[in-house]
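A.B. asks: One structure, as structure tokens, below. Some questions next.
The values are calculated or read from the model by the stated rules, or taken from the named source; none is laboratory data. Computed from a prediction, not measured in an experiment: that's the story for all the values here. As a convention, Cβ positions derive from the backbone with ideal geometry for all residues, glycine included, and neighbour counts pool all protein chains shown.
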Amino acid sequence: MKELSLLIIDDEKDMLDGLKRILPYELDNTRIKVSSNPLQALKLVSRSSFDLILMDVRMPEMDGIELLEQVKKIHPGTTIIMMTAYGSIETAVQAIKMGAYDFITKPFDIPDLVRSIKKGLERSSLIRENLSLKKRISEKSVFENMVGQSAPVKRLYETIQSLAVTGYSVLIRGESGTGKELVARAIHTLSNRSSRPLITINCPAIPEHLLESELFGHKKGSFTGAHKDHKGLFVEADGSSLLLDEIADIPVSIQTKLLRALQEQEIRPLGSNRNIKVDVRVLSTTNQDLEEKIRNKSFREDLFYRLNVVSVSTPSLREIPEDIPLLVHHFIRKVATELGANSKKICTAVLEALMRREWPGNVRELQNFIRRMIIFTSGDELDLTSLNAADSQAHPQSNGPEFNNSERLGLYSEAKSKVINDFTERYVREILSKTNGNISQAAKMAGMSRVALQKITRRLEINTDTFR
């Protein structure tokens, strides 16, 4: 059984000495610490947590109400009982509103005090058990989508758990499709910032002239189109984590301002004349060689070291071929859930073929391949026919219209429309063939509404009855 801890804060040293002598006989498995100075007590609280704090209201240098507020800022869940010699209802109500668990009036009988302390310690134990349970559930859900038992993947799990409890900036490196964003979400979910959502921005997706405003915010009228104040993602992520996805593509002009935000933990919105303090943990991802970008002056070296306080690498599929069977079975179940269908089996020959393949797109490519196999398999088992069907979809013989040198190409929009219509008709006919003309089942397999698929069949003049 874990030892409990009690801190008593009161400027009356005689009372502290008396409680320190008496309470050990009344409280089992409880370590008792006392302090007659509220400022020193605050330092104690900042260095370690206590299951229960018993504090006086009237003290020199800092009264109990102010100390209560400061302790709650450091450890919001701490159980606190206030002591007052005046029996002031107003003070007691104020203390309870500010987060105190209970109050007791001086002079008090020892049995009453012990009873109140035991209730407070019991509350703290329940809170700790609840947090521990939530942490175990959180860890389980965090790793549900991170499949694998190979040595590199196990090391990745351990690294995530180690990094989560720190507040350091983390740079997540790896090839495309290796789950870098999953790692970032796992680090945030297991951290003490998880009560607030992870804020994410895909850096290459935002034009340079808008990225600064998106990150740091702007004031109304600071540029054309700024019709109202915008607080920006750093302010939105205050007290949480901010994921900068594909950080290598951030423009150099923004890198300088990002560096300042990381160094000073403050930002200045566009058009503002004052800085705003923020408490943000930055997680970033990249699939590029940042060291090479530093050498060619397209990425700031000082920013790199700010982002790369600690780093984690996600393994590619070619590094973990032994995990491919686990991933395949995971994706089969996942896709079946997506389609609202029964899960399918997979034959050994197909599984072995998938293990022998190179997967340049990594886990994402494998997942999409499994989706295609399931869509084009009418039976209960994924076999070599399923494999070939998925292959033909991944590498079709014709990707669009072919033109000879003498042929007039015509308008781009017309050519594009023809390619899309040709693909749509082939896809819809194939999926209706798989479902024997069942429009509802075909819509579910295609991931669209029944009405949307009906509109397509009417536009292309496809008669579903011909597939029955």
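A.B. asks: Within the range 221-232, which residues are surrounded by 17 or more Cβ atoms within 10 Å (Cβ to Cβ) and either of a type in the set (Gly, Ala, Ser) or touching an Asp or Glu at 6+ places or on another chain (Cβ under 6 Å) (or both)?
C.D. replies: Passing the criteria: only Gly232.
A.B. asks: To continue, here is another question. For the range 158-172, which residues satisfy the criterion of being of a type in the set (Val, Ile, Thr) and either in a helix (DSSP H, G or I) or farther than 12 Å from Leu243 by Cβ (or both)?
C.D. replies: Thr159, Ile160, Val165, Thr166, listed by residue number.
A.B. asks: Which fully enclosed helices (runs of 4 or more DSSP H) of the range 1-112 have 1 or more residues being within 35 Å of the chain's Cα centre (by Cα)?
C.D. replies: 38-47, 64-74, 89-97
A.B. asks: Just a yes or no: is a residue in the range 66-73 under 19 Å from Val34 (Cα atoms), basic (Lys, Arg), in contact with a helix residue (DSSP H, G or I) (Cβ under 8 Å, 6 or more places away or on another chain) and surrounded by fewer than 18 Cβ atoms within 10 Å (Cβ to Cβ)?
C.D. replies: no
A.B. asks: In the range 89-112, what count of residues is obtained for those that are touching a helix residue (DSSP H, G or I) at 6+ places or on another chain (Cβ under 9 Å) and without any contact (Cβ under 8 Å) to a residue 60 or more places away in the chain?
C.D. replies: Qualifying residue count, the range 89-112: 14.
A.B. asks: Restricting the range 266-277 to residues that are without any contact (Cβ under 8 Å) to a residue 24 or more places away in the chain and surrounded by 13 or more Cβ atoms within 10 Å (Cβ to Cβ), which is nearest to the chain's Cα centre (by Cα)?
C.D. replies: Of everything passing the filter in the range 266-277, Glu266 is nearest to the chain's Cα centre (by Cα).
A.B. asks: Could I ask something else about it? Residues of the range 448-468 being assigned to a loop (DSSP other than H, G, I, E, B) and either at pLDDT 80 or above or buried (at least 18 other Cβ atoms within 10 Å of the Cβ) (or both), which ones?
C.D. replies: Met448, Ser449, Leu460, Glu461, Ile462, Asn463
A.B. asks: Could you list all residues from the range 166-182 that are closer than 18 Å to Ala237 by Cα, at pLDDT below 95, touching a Ser or Thr at 6+ places or on another chain (Cβ under 7 Å) and of a type outside the set (Asp, Glu)?
C.D. replies: Listed by number, the list is empty, since nothing qualifies.
A.B. asks: Inspect the range 296-305 for any residue being closer than 18 Å to Tyr168 by Cα, out of contact with any Pro (no Cβ under 8 Å at 6 or more places or on another chain) and buried (at least 18 other Cβ atoms within 10 Å of the Cβ) and give the result as yes or no.
C.D. replies: yes
A.B. asks: Would you pick out the residues in the range 298-335 that are under 30 Å from Gly167 (Cβ atoms), touching a residue at least 40 places away in the same chain (Cβ under 8 Å) and charged (D, E, K, R)?
C.D. replies: Scanning the range 298-335 gives Arg300, Asp302, Arg306, Glu319.
A.B. asks: Out of all the residues in the range 311-341, which are within 22 Å of the chain's Cα centre (by Cα), among the aliphatic types (A, V, I, L, M) and modelled with pLDDT under 95?
C.D. replies: Result: Leu327, single match.
A.B. asks: On to the next question. Would a scan of the range 148-156 turn up a residue that is crowded, with 18+ Cβ neighbours inside 10 Å, farther than 30 Å from Ile8 by Cβ and either modelled with pLDDT under 90 or in contact with a Lys or Arg (Cβ under 6 Å, 6 or more places away or on another chain) (or both)?
C.D. replies: yes
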